[in-house]
Amino acid sequence: MFFRDIKGHTQVKRSLANMPAENRVSHAYMFAGPEGSGKLPLAIAFAQYLNCESPVDGDSCGECHSCKKFAKLVHPDLHFVFPVVKIGEGASNPVSSSFMNEWREFVLQKKYFNLTQWFNYIGAEKKQGMIYTQESHEIIKILNLKIFEGKYKVMIIWFPEKMHLTASNKLLKLLEEPPAGTVFILVSDNPDDVISTITSRTQQIKILPFSEEDIARELMEDGLEEKDAQSFARLAKGNIVTAREIVEGSEDLDFFFENFVFLMRNAYSRKLQDLIAWSDEMSRLSRDKQKNFFDYCLRMVRENYISNIKEPDLVYMTPQENDFSVKFAPFINDNNAHQMAEEFSLAHAHIAQNGNSRIIFMDLILKIIILIKNR
């Protein structure tokens, strides 16, 4: 992965490229930013640059022995830790190395992706993945080994906020006394969910969302016409993963839209029995998909509320969403928008805390029935 493969982020890339030359490579970084902002590709590009034998103009050369191995993610001094799931009977505390072949294939194939897409790829869309306790033993084992052939041993930890507390505490000890020549790169969507003692021991690299222009350029390289690319880029609001999901007609986005419409229409009509059956179905989804649904609902509440202002430049909806919202938007207003958003946020938080899904959806249904009538 090269810095030049990633659109935008000019200042971040320049800063990262200057670190080795100025002898200020830190032992631990936190690449923090929203989903779809290119954090993981930047982390891999930085790791490759650190070990490149002949860097050129602020980027890896791509020709040396090290770069060729990085191109396939098989360099012996490049290590990954990421959320995994328990698959099969008797599975307990799985570790990243058990999924490394799938991980390499996926990263090289997708470049930009989110946690849900990763779980779908390994056939675990209905499971709640995490970085289990056993992973800390694997990290210690790896870091006790000498550097094989690179300048640095790089450990990229994707989604450290998904790390079990026991594993987090052992990682903290490693960050307090890091092995010589080791660089940790933590890649996080929600750094506030990482224990503060870990965060305080990392150098913060803030990754901003992509600009509309950068996303449009990426989509045009995928083959889209300029006009379409600009339209989809605007809807994505800085998230390249969302942009590609919209282009591909993501099944998840269609699913979320259909279920948001079902919830609102049946809440307005007070069809409680239909909604109870619906809550049973939704409660059987994976927790990550449930959280993503609530995030989608929050966005739709916001967009419909803003659309009442009659300022189209402030509204970010797909044509399908916009067609529905022409008639629906008046039902999201000053009397209920704030409270409705709070209810979706609360449901998201309760799911994240492993609350009972069916109870959470049932409670939400009753609240929405009351709020949707509050015009």
How about region 327-351: which of its residues are free of Cβ contacts under 8 Å to residues at least 40 places away in the same chain and of a type in the set (A, V, I, L, M, F, W, C)? Ala329, Ile332, Ala337, Met340, Leu346, Ala349
Considering only region 183-202, how many residues are loosely packed, with under 15 Cβ neighbours inside 10 Å, touching a residue at least 12 places away in the same chain (Cβ under 8 Å) and polar (S, T, N, Q)? 2
I want to confirm something. Restricting to region 119-143 and keeping residues that are modelled with pLDDT of 90 or more and assigned to a loop (DSSP other than H, G, I, E, B), which single residue is farthest from Ser98 (Cα to Cα)? Thr133
Is region 166-183 home to any residue that is in contact with a Pro (Cβ under 6 Å, 6 or more places away or on another chain) and at negative phi? no
Just one of the numbered conditions (1) farther than 19 Å from Met282 by Cβ; (2) crowded, with 19+ Cβ neighbours inside 10 Å; (3) in contact (Cβ under 8 Å) with a residue 24 or more places away in the chain is not true of Val301; which one? (1)
With the checklist (1) at pLDDT 95 or above; (2) of a type outside the set (A, V, I, L, M, F, W, C); (3) within 28 Å of the chain's Cα centre (by Cα) in hand, flag the one item Lys367 doesn't pass. (3)
So which residues in region 300-328 are aliphatic (A, V, I, L, M), assigned to a helix (DSSP H, G or I) and either more than 29 Å from the chain's Cα centre (by Cα) or not assigned by TED's automatic domain parsing to the domain that holds Ser345 (or both), if there are any at all? Val326
Looking at Val194, Val187 in this structure, which one is over 16 Å from Leu73 (Cα atoms), in contact with a Phe, Trp or Tyr (Cβ under 7 Å, 6 or more places away or on another chain), at pLDDT 95 or above and not acidic (Asp, Glu)? Val187
Only one of Ala243, Ala216, Ala229, Ala167 is in contact with a helix residue (DSSP H, G or I) (Cβ under 7 Å, 6 or more places away or on another chain), small (Gly, Ala, Ser), under 20 Å from Asn292 (Cα atoms) and buried (at least 17 other Cβ atoms within 10 Å of the Cβ), namely Ala243
Members of region 342-375 found to be part of a helix (DSSP H, G or I), in contact with a Phe, Trp or Tyr (Cβ under 9 Å, 6 or more places away or on another chain) and more than 17 Å from Gln290 (Cβ to Cβ), listed by number: Ile369, Ile372
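The values are calculated or read from the model by the stated rules, or taken from the named source; none is laboratory data. Treat the numbers as computed from the prediction; the structure is a model and nothing was measured. As a convention, Cβ positions derive from the backbone with ideal geometry for all residues, glycine included, and neighbour counts pool all protein chains shown.
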